[in-house]
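The values are calculated or read from the model by the stated rules, or taken from the named source; none is laboratory data. Note that this is a predicted model, so its numbers are computed, not measured. Cβ: placed from backbone, ideal geometry, glycine included. Neighbour counts: every protein chain shown. Calculation scope for accessible area: heavy atoms of the full protein, side chains included, ligands and nucleic acids excluded. Shrake-Rupley method; radii C 1.70, N 1.55, O 1.52, S 1.80 Å.
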Amino acid sequence: MPENPPPSLRLFATRTGRAAYLDRRLAELYPETPVPLVHRDAYTLLVAVLLSAQCTDKRVNLVTPHLWALADTPEKMRHVPVEKIQAVIRPCGLSPQKARAISGLSLILVEKHGGQVPRTFEELEELPGVGHKTASVVMAQAFGVPAFPVDTHIHRLAQRWQLTNGRNVEQTERDLKKLFPREHWNALHLRIIFYGREHCTARGCDGTSCEMCRTLFPERRRAVRLQKT
Ligand code: SF4
């Protein structure tokens with residue numbers, strides 16, 4: 001940092017400074033935050049998020065109408081043979097595990113939760129095939145509970161914007177939750193995903209190609225090697 005750094009340099013020298021700018025600028029770029037996975041209710045969202053593991057939302061949205069035609073409630077789904085579910089969801093990949101999880105969680109929802117999707121992280125993460133990220137998406141997007149699900153896009157961009165050391169997604173989630181107002185989390189995580197898909201893709205970047213890094217790191221004169229995530 002030069003001796004008398006210009007205001008912009010001071011402003012973005014800290015994680016909180018960068019976070020405040022990103023929060024504001026991403027809200028300008030993406031005022032609306034539609035949920036990318038097409039769904040009808042908490043149950044179809046839960047299943048759609050489960051299917052999106054190592055699969056694009058676009059592909060999931062092509063597959064789910066066929067799955068809902070088979071069954072769109074836990075009560076109906078628990079009666080569908082796993083092989084039939086697997087055949088429909090095959091294009092999403094990992095179909096044997098995902099089919100068993102969909103069948104298993106549907107049965108548990110009927111037997112333990114009156115056919116409803118539970119509204120706590122603990123109960124959600126007890127369901128087969130449901131990890132913390134999936135539970136966070138459902139809590140945020142189905143129930144409006146503040147959550148910060150960290151997917152590959154968010155993990156990558158948080159490192160590129162030096163908001164976290166990104167040792168792992170748990171660390172990234174902790175760091176982002178400390179940096180951004182709780183009431184912004186649900187919209188912000190979608191905005192970061194949108195920016196990641198549109199501008200800051202997994203394909204390498206030299207950290208100078210777009211307005212975000214040019215603004216956050218004004219002193220950056222030449223390409224930097226960004227950490228592979
Ligand atoms: S300059 Fe590259 S790394 Fe930085 S935000 Fe833009 S696309 Fe991402």
How would you rank 84-93, 149-158, highest first, on the average number of other Cβ atoms within 10 Å across their residues?
-> 149-158, 84-93
Where a ≥ b ≥ c are root eigenvalues of the Cα gyration tensor, a/c under 1.5 meaning rounded, otherwise prolate if a/b exceeds b/c and oblate otherwise, the chain counts as prolate
In Å², what does the accessible area per residue of segment 42-143 work out to with a 1.4 Å probe?
-> 46 Å²
If you rank 136, 209, 103 by how much accessible surface each has, with a 1.4 Å probe, what is the order from largest down?
-> 209, 103, 136
In the structure shown, do any of 58/178; 98/178; 112/133; 112/178 have a Cα-Cα gap over 26 Å, and if so which?
-> 58/178; 98/178; 112/178
If you rank 145, 49 by how much accessible surface each has, with a 1.4 Å probe, what is the order from largest down?
-> 145, 49
Per-residue ellipticity at 222 nm for the chain, helices alone: DSSP H runs ≥ 4 residues times -39500 (n - 2.57), over residue total, nearest 500 deg cm²/dmol?
-> -16500 deg cm²/dmol
For residue 33, the accessible surface traced by a 1.4 Å probe with all protein chains present amounts, in square angstrom to the nearest 10, to 40 Å²
Tell me, what % of the accessible area of the chain is carbon and sulfur with a 1.4 angstrom probe?
-> 53 percent
Cα-based helix-to-principal-axis angle, 132-141 vs the chain, degrees rounded to 10 | 90 degrees
About its Cα centre, segment 1-123 carries a charge dipole, from +1 on Lys and Arg Cβ atoms and -1 on Asp and Glu Cβ atoms, whose size in debye to the nearest 20 is 260 debye
Report the charge-dipole magnitude of the chain in Debye, nearest 20, computed about the Cα centre from +1 at each Lys and Arg Cβ and -1 at each Asp and Glu Cβ.
-> 840 debye
Note, ³J(HN,Hα) from phi for segment 18-25, Karplus 6.51, -1.76, 1.60, rounded to Hz, x at Gly and Pro | 5, 4, 4, 5, 4, 4, 5, 5
From the backbone phi of segment 147-161, what are the Karplus-calculated ³J(HN,Hα) couplings (6.51 cos²θ - 1.76 cosθ + 1.60, θ = phi - 60°) in whole Hz, Gly and Pro given as x?
-> 8, 10, x, 9, 9, 4, 4, 5, 4, 5, 5, 4, 6, 5, 8
